[in-house]
């Protein structure tokens, strides 16, 4: 997984490809947790449109929930995940439900979509939810 922080949009743009594993996701989250920038008002967009699998079980999702709790304390407001592939979508859904249940949820929530989003459309997608028309990339 790779990422960059778009300061204009205040979006941490993350991309995963091929097979995404728990250690890769944790490496990204450790790097994001160390960002020197203030994360208040920031959101995260995880684009898994190039991934065909996520290798993670419920125990791994529990570990990710702890990382997201730390980002919540630094000001992260919400996470949108794009997962067009059915298997990736199911696993991402399990991760989202685990993080929301254990971490108390992000103020902007966790949302899944099957359609890639433009960085400028992620915040709107989070606020309007699944009913929003995705601003496709």
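Annotation: extensible slack from residue 19 through residue 31 equals 2.4 nm (criterion: 0.36 nm per residue apart, minus Cα-Cα distance). Return the FRET efficiency for the residue pair residue 50, residue 128: r is the Cβ-Cβ distance, R0 is 22 Å, and the value is rounded to the nearest 0.05. In this case the efficiency is close to 0.30. The order of 113, 79, 21, going from fewest to most other C-beta atoms within 10 Å of their C-beta, is 21, 113, 79. Remark: 25, 17, 67 ranked as 17, 67, 25, counting other beta-carbon atoms within 10 Å and listing the fewest first.
Sequence-distant contacts, meaning Cα pairs under 8 Å at least 6 residues apart, place the relative contact order of the chain at 23 percent. Between residue 7 and residue 57, the modelled labels are 4.4 nm apart [label points 7 Å from Cα along Cα→Cβ].
For the pair residue 97 and residue 38, a Förster radius of 30 Å applied to the C-beta separation gives a FRET efficiency near 0.55, rounded to the nearest 0.05.
Label positions at residue 73 and residue 86, each projected 7 Å from the Cα along the C-beta direction, are separated by 4.1 nm. Each of 44, 26, 4 was scored by other Cβ atoms within 10 Å of its Cβ. Arranged with the fewest first, they read 4, 26, 44.
None of the figures in this text is laboratory data; all of them are computed from the coordinates on show. Keep in mind that what you see is a predicted model, and the values were worked out from it rather than measured. No Cβ is skipped: glycine too gets one built from the backbone with ideal geometry, and neighbour counts run over all protein chains shown.
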